[in-house]
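Participant: Pasting in a structure now, in structure tokens, and then I'll have a few things to ask.
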């Protein structure tokens, strides 16, 4: 894993865009864009991931806490994720 959580999530999605881990992480990224709604995410979906994949989810939460869920890097990574998931 790298220090760039968004790049690490993109790698998971690139490997298999329709896997449980990829779709769960993608859903989490999507919910983190809705600060006013409280970034609601069904935590029981973490059960669909292994320990390493859950670490990505935890790092993503830390990124949100630090305010990293907006801005140019976030937008570019999110656009890439959207593209990968749509392309399947």
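The values are calculated or read from the model by the stated rules, or taken from the named source; none is laboratory data. No experiment lies behind these values; they were computed from the predicted model shown. Note: ideal-geometry Cβ built from the backbone for every residue, glycine included; neighbour counts use all protein chains shown.
Participant: Testing residue 3 on (1) farther than 20 Å from residue 88 by Cα; (2) modelled with pLDDT of 90 or more; (3) in a loop (DSSP other than H, G, I, E, B), one condition comes back false. Which one is that?
Facilitator: (2)
Participant: Shifting gears a bit: Out of 76, 53, which single residue is in a helix (DSSP H, G or I) and exposed (fewer than 13 other Cβ atoms within 10 Å of the Cβ)?
Facilitator: Details: 53 fails: exposed (fewer than 13 other Cβ atoms within 10 Å of the Cβ).
The conditions single out 76.
Participant: Quick check on this structure: which one of 17, 22, 7 is in contact (Cβ under 8 Å) with a residue 60 or more places away in the chain and surrounded by 19 or more Cβ atoms within 10 Å (Cβ to Cβ)? Give the steps one after another, and end with the answer.
Facilitator: Working: 17 fails: surrounded by 19 or more Cβ atoms within 10 Å (Cβ to Cβ); 7 fails: surrounded by 19 or more Cβ atoms within 10 Å (Cβ to Cβ).
Just one listed residue meets the conditions, 22.
Participant: Would it be correct to say that residue 83 is surrounded by fewer than 14 Cβ atoms within 10 Å (Cβ to Cβ) and modelled with pLDDT of 95 or more?
Facilitator: Working: surrounded by fewer than 14 Cβ atoms within 10 Å (Cβ to Cβ): yes; modelled with pLDDT of 95 or more: yes.
Spelling it out, residue 83 is indeed surrounded by fewer than 14 Cβ atoms within 10 Å (Cβ to Cβ) and modelled with pLDDT of 95 or more.
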